[in-house]
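Okay, so here's the structure we're looking at.
Just so it is clear, none of the values below were taken in a lab; they were calculated from the coordinates. What you are looking at is a predicted structure, and each value in this text was computed from that prediction instead of being measured. Note: ideal-geometry Cβ built from the backbone for every residue, glycine included; neighbour counts use all protein chains shown.
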């Protein structure tokens, strides 16, 4: 089953059920579960291999970070960042429960990623970018954490792309592109049908 078909299958179940309780749980179907193939698809798209170092910015419950930690293997490293103490505790709990040893949990703030300079071959933001206020400034901060030939991926949804979030919630892919362009990055790849109403855009530095 492809990533897109798996996600759409899950969202179709939500739509058919149509209850308030199920609607509140709709985000469950967007989790990077193994059957969606999202983690491996992202790794392939941004060129990750065993031993790579990557950052999950706004790692949430840690599901994607754990999947990436498995993909990069024990010689690799995943930096998982979050803002709130509660989320940081969730990340610590999931890494302990899953006995994952190659995830480093990084406290972040609204204006600081907390990531060391040039620590990563790549980083990604999954359903995070639309929350950012000063997007160009944050792209510049993210860029400091990526090595010169590294890449940054954004997985997000356009306004109205996820019906349970409402028509005004999300960010257009072109707006993501514009923020990166202003910070000196160019679009490498764009997929508007990443799955479940989301898109993927991948960026690399502009070299002269």
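The table that follows gives values for the structure above.
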{"read-out": "83, 42, 48 arranged by Cβ crowding within 10 Å, fewest neighbours leading", "value": "83, 48, 42"}
{"read-out": "Antiparallel bridge percentage (DSSP; both residues within the stretch 50-205; nearest 5)", "value": "40 percent"}
{"read-out": "Length gained when the stretch residue 188-residue 110 is fully extended (0.36 nm per residue, less Cα-Cα span)", "value": "25.4 nm"}
{"read-out": "Sequence of 101, 81 once ranked by neighbouring C-beta atoms within 10 Å, starting from the fewest", "value": "101, 81"}
{"read-out": "Cβ-Cβ FRET estimate between residue 172 and residue 147, R0 fixed at 30 Å, reported to 0.05", "value": "0.55"}
{"read-out": "Rg and Dmax [Cα atoms of the stretch 40-203; Å; Rg one decimal, Dmax integer]", "value": "14.9, 43"}
